[in-house]
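This report concerns only the one structure given below.
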Amino acid sequence: MGSSEQRRVAEPVAGYGAAFDRLFVRGRDAVLAGNHYRDSPPVDGGRWGLSVVLPPDPACAARLAAVTAEALAVAGPDHWPTGTPEAAHFTVRALEAHRSGVRAGDPLVRRASSALRRAAAACRPVRLVLRGLTLTPSGVMACGYPVDPAADEFAARLGGELGADAWFEADFTRDIWYATLVHFTGPLRDPVGLVDWVAASRGLHLGDVVVGAAELLRFRFNGRQPVRVPLARAPFGTGTGTGTGTG
């Protein structure tokens with residue numbers, strides 16, 4: 001990796017670390033005050049809408065699931081284990097609010113699938129180093145650090161290829177990469193213990209993940225938690241990922 005690309009990588013990684021630090025402080029304060037966010041099953045017009053995500057590979061998914069089980073042992077078993085293999089993901093972009101019954105033939109799904117294929121074909125596989133956990137007002141996250149600009153380039157390219165269908169997050173910038181392992185749904189079993197456990201895990205190394213394809217999916221509540229329901233999959237190409245494409 002040349003010196004110019006090293007600088008490009010080092011700057012956002014430093015920024016990600018600071019962002020995860022700020023999240024931890026907010027999460028700690030919310031958890032200890034008992035005013036953390038409590039998630040509930042998706043409803044039309046709410047969260048958990050049609051999205052483009054990066055799914056972890058099987059080895060990474062197994063590691064995330066193991067840490068999720070540890071987190072639930074402290075937080076309590078009734079919270080959502082969204083770090084398990086059927087649910088774990090790194091969100092690239094949400095496309096709309098939750099809409100039940102979305103199927104592959106849906107007009108937005110067709111357009112988004114085409115945009116996804118164009119964007120992925122123009123970009124490289126995404127590589128992340130998973131290092132440390134953080135606490136948020138709504139759950140426990142695994143922190144992802146890109147090893148090169150590919151992740152952000154794909155996100156930008158996807159937005160350009162979506163065109164008007166990128167409206168849902170047009171005024172929102174995702175500036176970190178993460179997988180939420182636990183979503184809180186009620187009181188915490190041991191708030192102080194959870195804060196201490198996450199604090200002790202801030203430097204936990206969870207390995208690398210190389211994502212070879214991106215998914216367009218909807219979320220389905222399976223009675224325990226929202227899980228991924230893939231609607232389209234697009235492998236990455238070997239392009240530079242530069243530019244934003246056309247809608």
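The values are calculated or read from the model by the stated rules, or taken from the named source; none is laboratory data. Quantities reported herein were computed from a predicted structural model and do not represent experimental measurements. Neighbour counts run over all protein chains shown; Cβ positions are idealised from the backbone, glycine included. All accessible areas refer to the heavy atoms of the entire protein, side chains included, with ligands and DNA or RNA removed. Shrake-Rupley method; radii C 1.70, N 1.55, O 1.52, S 1.80 Å.
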When residues of the stretch 52-79 are limited to those that are open to solvent by 30 Å² or more (accessible area, probe 1.4 Å) and under 18 Å from the mean Cα position of the chain (by Cα), the one farthest from residue 231 (Cα to Cα): 66
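Residue-by-condition table, conditions (1) in a loop (DSSP other than H, G, I, E, B); (2) in contact (Cβ under 8 Å) with a residue 24 or more places away in the chain; (3) over 17 Å from residue 55 (Cα atoms):
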residue	(1), (2), (3)
91	no, yes, no
98	yes, yes, yes
109	no, yes, yes
133	no, yes, yes
Breaking point among (1) at pLDDT 95 or above; (2) surrounded by fewer than 16 Cβ atoms within 10 Å (Cβ to Cβ); (3) assigned to a loop (DSSP other than H, G, I, E, B), for residue 173: (1)
Flag for residue 228 being basic (Lys, Arg), open to solvent by 30 Å² or more (accessible area, probe 1.4 Å) and touching a residue at least 60 places away in the same chain (Cβ under 8 Å): yes
Residue satisfying condition, being surrounded by 17 or more Cβ atoms within 10 Å (Cβ to Cβ) and farther than 27 Å from residue 26 by Cβ, within set 116, 130: 116
Some residue of the stretch 105-113 being over 15 Å from the mean Cα position of the chain (by Cα), surrounded by fewer than 19 Cβ atoms within 10 Å (Cβ to Cβ) and basic (Lys, Arg): yes
Complete set of residues in the stretch 211-247 that are under 17 Å from the mean Cα position of the chain (by Cα) and at pLDDT below 95: none
Candidates 158, 216 - the one that is touching a strand residue (DSSP E or B) at 6+ places or on another chain (Cβ under 7 Å), crowded, with 17+ Cβ neighbours inside 10 Å and assigned to a strand (DSSP E or B): 216
Given (1) surrounded by fewer than 17 Cβ atoms within 10 Å (Cβ to Cβ); (2) within 17 Å of residue 82 (Cβ to Cβ), index of the condition residue 192 fails: (2)
Tabulated pairs, the stretch 23-38, first on the phi > 0 side of the Ramachandran plot, second in a helix (DSSP H, G or I), C-beta under 9 angstrom, 6+ apart or interchain: 34/191
Single residue of the stretch 172-188 satisfying the filter (of a type in the set (A, V, I, L, M, F, W, C) and in contact (Cβ under 8 Å) with a residue 40 or more places away in the chain) that is farthest from residue 226 (Cα to Cα): 176
Cross-chain or 6+ apart pairs with Cβ under 7 Å, the stretch 158-171 first and touching a residue at least 60 places away in the same chain (Cβ under 8 Å), then surrounded by 17 or more Cβ atoms within 10 Å (Cβ to Cβ) and of a type in the set (Val, Ile, Thr): 158/52; 158/92
